[in-house]
Amino acid sequence: LGEVVTDTVTPRMFLYRIFEKARSDRKHIALPEGTEPRIVQAAAEVLDRGICAVTLLGDRDKILEVARNCGADIGRAAIIDPKANDPKTVERYVEALYELRKHKSLTREMARDLMLDPVYYATMMVQQGDADGFVSGSTHSTADTLGPVLRVIKTREGVSLASSIFFMCLPDRVLVYGDCALVENPTAEQMADIALTSAETAKAFGIEPRVALLSYSTGQSGKGKDVDKVAEATRIARQKRPDLPIEGPIQYDAAVSEEVARIKLKESAVAGKATVYIFPDLDAGNTAYKAVQRSANV
């Protein structure tokens, strides 16, 4: 991802800058859920806005029928049916997947069967350079979407695990929450990695990262092994990125409110103005993002 520079990160500006960045460097995105009406409508919208090139994966007749039913113009989209695609392309993908996974006892026949799965097909499009990325998760679970990616593309060198972030578009600003979808109970080392990769992604989307590693304790106010984990994660993250403003352990109120920060942690460069919020486990993160989303209409 390149950087998207913005002075004020309101939701409107955040989206505008993303669209402008995408238009200036148009990529090719595969959509493996090509027969899902929301996906077809989204494809029509991004094509109309010139955001990216699109390939819809699935049964051609079904995709065209869905487009007609919802009034979506997908005339500029490519459509590929993994079950009836060009045999040379399929065999190229099969051979590449076989070479990548034969050490895990994958046979060519198994690889050929996997190419009938649109998510695996989309993954191989990316791996082979036929697409720049793919978007999935509307009708597929997170596990079904990420499984092929983690087996085939894997994480970037130096990154120990895949994690997720949510851009929380509040009325007057955009905050980053991580990891609220993937890593169930990260170790201190993993939490540190999640903090640093989340900060990198925030920066790429124009949000200046000020990272809060969240806990039920601010500084030394609370005790326990869960607090110790966050303290250790903070130490590791600071050691790896001394240039990055990182605070932890810190409670959510002290991270988000300058008034509370003046009482609880007044010397901190992050407290009261954090932009990247790292939760200690999936329970806390998933619950928090859904509570904020639904309560504040985010």
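Quick one: plug the Kirkwood hydrodynamic radius of region 132-266 (C-alpha pairs) into Stokes-Einstein at 4 °C, 1.567 mPa s, and report D in µm²/s.
80 µm²/s
For all pairs of alpha-carbon atoms in region 70-134, what percent lies in each bin of width 10 Å, listed from the first bin to the last filled one?
21, 50, 21, 7, 2
Short version: ³J(HN,Hα) in whole Hz for each residue of region 262-271, in order, from phi by Karplus 6.51 cos²θ - 1.76 cosθ + 1.60 (θ = phi - 60°), x for Gly and Pro, what are they?
5, 8, 8, 7, 5, 8, 7, 7, 10, 3
What's the magnitude of the charge dipole for region 113-194 around its Cα centre, counting Lys and Arg as +1 and Asp and Glu as -1 at the beta-carbon? Answer in Debye, nearest 20.
Value, rounded to 20: 100 debye.
Separation of region 50-82 and region 225-298 by C-alpha centroid, Å?
When both Cα centres are located, 42 Å separates them.
Go through 178-187, 26-35, 138-147 and give me the packing order, highest mean Cβ count within 10 Å leading.
Ranked from most to least packed, the peptides come out as 26-35, 178-187, 138-147.
Can you tell me which of 191-204, 37-50 comes out highest on packing, and rank the rest after it, using the mean Cβ neighbours within 10 Å?
Output ranking for 191-204, 37-50: 191-204, 37-50.
Going by the alpha-carbon gyration tensor, a ≥ b ≥ c the square roots of its eigenvalues, is region 230-298 rounded (a/c under 1.5) or, if a/c is not under 1.5, prolate (a/b greater than b/c) versus oblate?
On the way: a/c = 2.22, a/b = 1.33, b/c = 1.68.
Cα axes put region 230-298 in the oblate bin.
Kindly flag which residue pairs out of K154/K273; K223/K273; K154/K266 have an alpha-carbon separation exceeding 29 Å in this structure.
Values: K154/K273 34 Å; K223/K273 24 Å; K154/K266 41 Å.
Check vs 29 Å cut-off fails for K154/K273; K154/K266.
Given bins 10 angstrom wide, list per bin the percent of all Cα-Cα distances in region 19-142, short to long.
13, 42, 32, 11, 1
Sort all Cα-Cα distances of the chain into consecutive 10 angstrom bins from zero, then give the percent of pairs in each bin up to the one containing the longest distance.
Cα pair-distance distribution for the chain, in percent: 6, 23, 30, 23, 13, 4, 0.
Region 1-91: which chymotrypsin sites (Phe, Trp or Tyr not before Pro) are DSSP loop and have at most 15 other beta-carbon atoms within 10 angstrom?
Counting only loop positions with at most 15 other Cβ atoms within 10 Å, none of the chymotrypsin sites (Phe, Trp or Tyr not before Pro) in region 1-91 qualifies.
Would you mind telling me which residue in K225, K83, K154 has the biggest mean-square fluctuation in a Gaussian network model of the chain, where springs connect alpha carbons within a distance under 10 angstrom?
In this elastic network of the chain, the residue with the biggest mean-square fluctuation among K225, K83, K154 is K225.
Readers should treat all values here as calculations from the given coordinates under stated rules, not as data from a laboratory. Since the structure is predicted, the reported quantities are computational estimates derived from the model, not experimental observations. With ideal geometry, Cβ positions are generated from the backbone for all residues, glycine too; neighbour counts draw on all protein chains shown.
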